[in-house]
1. In terms of modelled amide H atoms, which long-range or inter-chain residues lie less than 5 Å from the amide H of C:Ala336?
2. Distance in nm between label sites at B:Leu108 and B:Ser264, each 7 Å beyond Cα in the beta-carbon direction?
3. How many partner chain Cβ atoms sit within 10 Å of a residue's Cβ in peptide C:465-472, on average, as a whole number?
4. At R0 = 30 Å, how high is the FRET efficiency between B:Phe54 and C:Lys126 if r is their beta carbon distance? Nearest 0.05 is fine.
5. Go through C:413-422, A:62-71 and give me the packing order, highest mean Cβ count within 10 Å leading.
6. So what J values fall out for segment C:397-412 if you push phi through Karplus, 6.51 cos²θ - 1.76 cosθ + 1.60 with θ = phi - 60°, rounded to Hz, Gly and Pro as x?
7. Name the residue, out of B:Gly51, B:Gly145, B:Gly316, whose mean-square fluctuation peaks in a Gaussian network model built on chain B with Cα pairs under 10 Å.
8. Sticking with the crude label model, points 7 Å out along Cα→Cβ, report the distance from C:Thr522 to B:Leu152 in nm, one decimal please.
Amino acid sequence: MSAHAAAVARHTPRHRSRAARRLQRFGSHTLIYGALLLWAFISLFPIYWTITTSFKVAVDVTQGHLVPWLDFEPKWRGWRALGLSPQMLTMSSPSRDEFLLRFGNSVVAAVGAAVVAVVIGSLAAYGLARFEYRFGPWRNKDISFFFLSQLILPPVVLALPFLILYKELVLLDTKLGLIMVYTLMVLPIVIWIMRDQFMAIPYELEQAAYVDGATTWGAFLRIVLPIALPGMTAAFILSVILCWNEYFFAALLTSTDAKTLPVMVASQTGSQGIDWWTMAALSTAAILPLVLIGIFLERYIVKGLTAGAIK
Amino acid sequence: MSTGSLSSPTVLAASRAVSRAARGRALILIASLLLAALCVTQVLHNLGVVGAGFADWRPIALAYLLWALALGRGLVLVRRERGHRALFLLPALLFTLAMVIFPTVFGLYIAATDWNLSSLTGVHFNVLGNFTTMLHDAFFWTALGNMVWYVLSVLAQYAIAFGLALLLNAEIRARKFFRVVFLLPFMLSPVAVSWMIGKSIMEYRFGPAATLARLLGWETPAFFATPWVARASIMAMDSWMWIPFVMVLLLAGLQALPHEVAESAKVDGANPWQAFWKITFPLMLPVSVTAVILRIIFELKLADIVINVTAGGPGGATDTVSSFIYREYRDRSNVGYGTMLAEFYLIIIIVFVSILLSVVSRWLRRVT
Amino acid sequence: MTTDNDHSPTATSLGRRDLLKGTAGIGAAAALGAGGALTTFARPAAADEESLRKALLKYPGVGQGTPGDAEWQKVGEMCLGATKASVKPGEFKGVELTFMGLNNQNLHNFLFRGFLKPWEAYTGAKITWIDLAQADYNPRLQQAIATGTVDFDVLEMGAPFEGDVCGKGLASPMPDWVAKQIDVDDLVNYLKPPVGTWGGKRFRVTIDGDCHTINYRTDVFSDAALAKAWKDEGHAGEWGVPRTWQKVNEVTKFLKGKTFKGKPVYGYLDQPKPWGGFCFYFVEDRATGYVKMPGDKIWLFEPDTMKPLVNNPGWVRAIQDIVDSLPYEPADQLNADPGTTAFQQFLAGTGSLLSWWGDIGQMANTSDSSVVGNVIGFDILPGSEELYNRKTGKWEKPAGGVNYAPNMAYLGWGIYVMARVDSDSKKHQAAWSAAAHLGGKDLSLWTVMYPSGFQVHRQSHFNIDEWLAAGYQKDYITGYLDSQRNSYNHPNFTIEPRIPGIFQYYSVAEDELTKVFARKITAQQGADNIAAAWEKLTDKIGREKQIALYKDSMGM
């Protein structure tokens, strides 16, 4: 009896603490999911607004209607202006041709620039993270800063220089030209992101590889690269998005063959007001490939197996 | 290659190394001379001195590419391992130099002139004139003052982004959903953000945000009519767009943190709050610095949203240096003065960022 | 998901096969894609002109939704008669033209694409398109000129930019046959020379006319309750549409705090937020009544010195009017640009007085962006009971009691051919033929009736019967056309100088004015700042040459 009582006595506080802990966990869960849902709402609402606006007509826009079917009847107005409504799909539409051409160019320019930037940027970042360079008085720190400083100048003042440079190089209105200028634009970001990533990887890994007879390049390609994948993916995604939405150089350097989407989005407004529905439809269509990239590449940001094993 | 020297007599190896180095040097020299000769010819051709030359500069760009290859090969021959190491850096460096050297030089030239594209009298040097105009330009200094506030908002963005990254890094359900959703705001183009949020959601009459504000008791929810509210609204939109950028960088950093770190904290009996400040946060400092620096630089270039939504108003309260330069350079074709402003701004930013970097790195060394 | 109740573009009354039958003889035309050929109407014979116009204005008919590419192509085909009379089929084979213009909500350049497709098919020329967003238009054009990257042969351009293009000799003067083909004598008076000409040569194919008119809510200004309140508060005169700026300000103050149909009602809507230079036109609207003297073309600069007039008492009073009115306008007005006032406020039912270009009237009736519909009335801009005489420096009572001075803001879009085609006679011919096609008299009837962004600009556009046949309501369209015609033909209409960089002047002014509207500086200080900035700008651009071009552009 007494032993039992003792057992109970011994058990009770533990019981209580377990319940308390459960309560606490419930509390922190509520907090965590509450925060997650709140931010998800903040992130999603404008996107939702954009998508629904593409199915609105003027009355629905200017009266702030929110929920399709409930307070407004969705119409294909915005999509029809792009030649992308079901009814228009079978017909010729110059705005659809325009949209598709620009869409394709945007894909080529953004992905092309992001690939080039991630490749040469990662190489440079690895070099800057691992080796000591010296160009006259310049050390690694200064070289990194040189790259970073390319990011600083407001692009608008590069308008005339780039126009003249591209005219001389016959790069005006070419996709190659766009890829080059976009690479330049995102390269500093890639270098800075990747430099941190490489610095976080223990040097012992490469030393071990050297002992096994690997060359500098061999160790980099076989050992370091797989570990750095999450960072490279993050850098790639960010680069694609930045290039995808780039407006200024696209408006400046392209005219017929290499034109991209953002200028078309901006064209939906002018002295004759704004076509909310078309701009919304264009924005919706423009965001889709990025969402796909986000969905498919996001998982590579998660720490790779190799990295987990090593750390 | 170098393994051969182990089995061969050292003299032979040394002489072979010398000839390798000599070959490398010769390669670099010849390639450089060829490139220089081509450039000079082309310049003379453009000036009309020489008949020979290309119609445009594209062949020179190709020659530069070949020269870069020769340089890389030569460096490997001359310096061996150090050459191999240089190869990591060279592509990015040569590419950047090639792309920016002309715009930089030409930009400095423009900044020194009074070039107005509509001008009927040509271009004149006007360094001093531009500079004194700038000193008395109330718009520029107002905008520069606003930038202080915009840059400070980056700290708030960083805090929120860190919180989100921690949440996403935790063991949660539907993690993939949340990760993609949290990234979405960054994907919308700035033009769309300006119109869909600034001019639609935050519209005084029909915008849902205005409706919400009315429900909360603000009777005249004009988001862009008074200076501080307008500035805060611009900051909110800008933050909404850019928080995902910071968040992804921090998340990638968190993912790279060793597991043992978290576990050792648990063993120490530290509560999550202490564990974060004592362990996670210090380890995340390098990534944080990069994220914040990149973000500050982007913040300093903030323009699109301001141009579209407020055009700098009311009374210059939301104006940014970039949006003001945009008006000078594009709306007024005042390219000489506009470039001057930008170069001056560039210097301010470079000084500011280098001070920031050196302070932070000193601080980092003390913390870790 | 439901589709709109608009007519689908294919649901036209004529079958495609019928259309093609008539054109079987012309190989090029038969190669048309979606566009058919209405050959019955395509003959240039004068007798057919009437039936062509009749067919045009019913196509697709007002209230049948916004027309699209299929309609544009057919309209282009229907109006090809003049081209067929002057060009042999396939004559321009091998010619490639580049056309630079706006993409404004998928109009402008997209419209031209549709109109020119049949022209391309017939003549054999090929056109490539450069579409610019409106915000990029001015910088792109200026930068192309400055860096020698002019890569277009035909250009859609607003008259204010003529100084930068024609004034610098970059445009090709119009051949006589084009002037004849597009019947330049049919243009309304204010668009005749000097507008469109430089040094006595004609450059512009006019496709648009511009002027600001006052748009008002007929229901608000005929409301009995408001009329009673107006009397009760002791205001002079009957409740009605204000015809002077003094009254406009009075009405605006009166309406603050009142309700109409259960909602707050507002008076005049100002546009204090910069809009790439365009906002300055609205300041001009308020100022011209005060400063534009009958029989005197001068209102913005002194002609002999280019001294700005913008800080004289008349202008300052107009600026002060805006400052005084703003507290009585909607709470967000300080951040309103012309896009906001027109489309988010006025067409959506906020505000009862708005000065704007005429297309807002057209949009209220034919486009999907309007909400208010048929409660909009039109008139020429208000005038003033007092006029500032710049010569005597005194305020005067104008002859007739009220000084009206309608503002022809922007002078409309035109098609220009660049001088770079001059060296190649075939290309020159082709470029001008394309421009003439777009500037055709019959085609313009369609563009001014249907959403295109273009307004009435020919005398032949004022035939009310044609508008009624298209399906417009009589009262509405009469009021609309009268407001346009009375502005265009007003003896005291106001024309802006088309000097190089005119939008730079406007843009600087907008920037300075934001400080005035935010009450950081006084109206006089703001106006003085503008004048100082303008003087500086004139010096930068080159005062002597600017004066010469100014006089040329004003026809002095």
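Bear in mind that the values in this text are calculations on the coordinates, not laboratory data. Since this is a predicted model, take the numbers as computed values, not measurements. A quick note on method: Cβ atoms are made from the backbone with ideal geometry, for glycine too, and the neighbour counts reach across all protein chains shown.
1. C:Lys273
2. Roughly 4.9 nm, to one decimal.
3. Values: counts 0, 0, 0, 0, 0, 0, 0, 0.
Other-chain Cβ atoms within 10 Å of each residue's Cβ, averaged: 0.
4. On the way: r = 29 Å, r/R0 = 0.96.
E(calc), rounded to 0.05, equals 0.55.
5. On the way: C:413-422: 22.0, A:62-71: 14.6.
The most tightly packed comes first, giving C:413-422, A:62-71.
6. After applying 6.51 cos²θ - 1.76 cosθ + 1.60, I find 7, x, 4, x, x, 10, 9, 9, 8, x, 9, 7, 3, 5, 6, x Hz.
7. B:Gly51
8. 3.3 nm
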